[in-house]
Every structure is written in C-alpha cells, then in structure tokens.
1. Which residue is modelled with the lowest pLDDT, if the candidates are limited to segment 38-57 and must be surrounded by fewer than 14 Cβ atoms within 10 Å (Cβ to Cβ) and either outside any loop (DSSP other than H, G, I, E, B) or over 13 Å from the mean Cα position of the chain (by Cα) (or both)?
2. Here's a check for you: in segment 58-72, which residue that is surrounded by 14 or more Cβ atoms within 10 Å (Cβ to Cβ) and modelled with pLDDT of 70 or more is nearest to the chain's Cα centre (by Cα)?
Amino acid sequence: MARFVGRNGSGIYMASVETDEIPLLRERVTSTGGGWQGTDFGGFIHPGRLHGLLPGLVTYETWNGRRPLPDQTNQW
C-alpha cells in the first residue's frame, strides 16, 4: 500500500463489487491478457488492468450471506 501511494498519490486503492457474473468476468480477464487472482470468495483483477484500482469481485452468498443480520448477532 505504501509503495502504491508513493507512486500514484492518494486516492482509491481497492473497491469490492458484488456480482453473479464472476465466471464471465474471470474468462474475460484471462482471455484479454491475464491479471486474474481467484479466491475462495470470488477474485481480484490486477490493479495494472484498471489504472491502479484493485477490484475485489464477490457474490452475495460468499460474502454477505455469511454475515449475521442485525437481529441474529447473538446467534454467531
């Protein structure tokens, strides 16, 4: 992070996007030059592909689906 800010100045470094199109996006990224890093919850696109922004791609089930709702906080 410090190297990124040193090179690029302050700004947005990472953003998460919730989508059901992860397989399509993974195929598009890998077929156009790479930069895909898969994870157990979705994946990341290398910041070099998007002018320094690191997008994290997740689905509802693997990200928000694991979080308790406000009325379920004592059940976890």
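1. Going through the qualifying residues, I end up with His51.
2. This residue is Val58.
The values are calculated or read from the model by the stated rules, or taken from the named source; none is laboratory data. Source: prediction; values computed, not measured. As a convention, Cβ positions derive from the backbone with ideal geometry for all residues, glycine included, and neighbour counts pool all protein chains shown.
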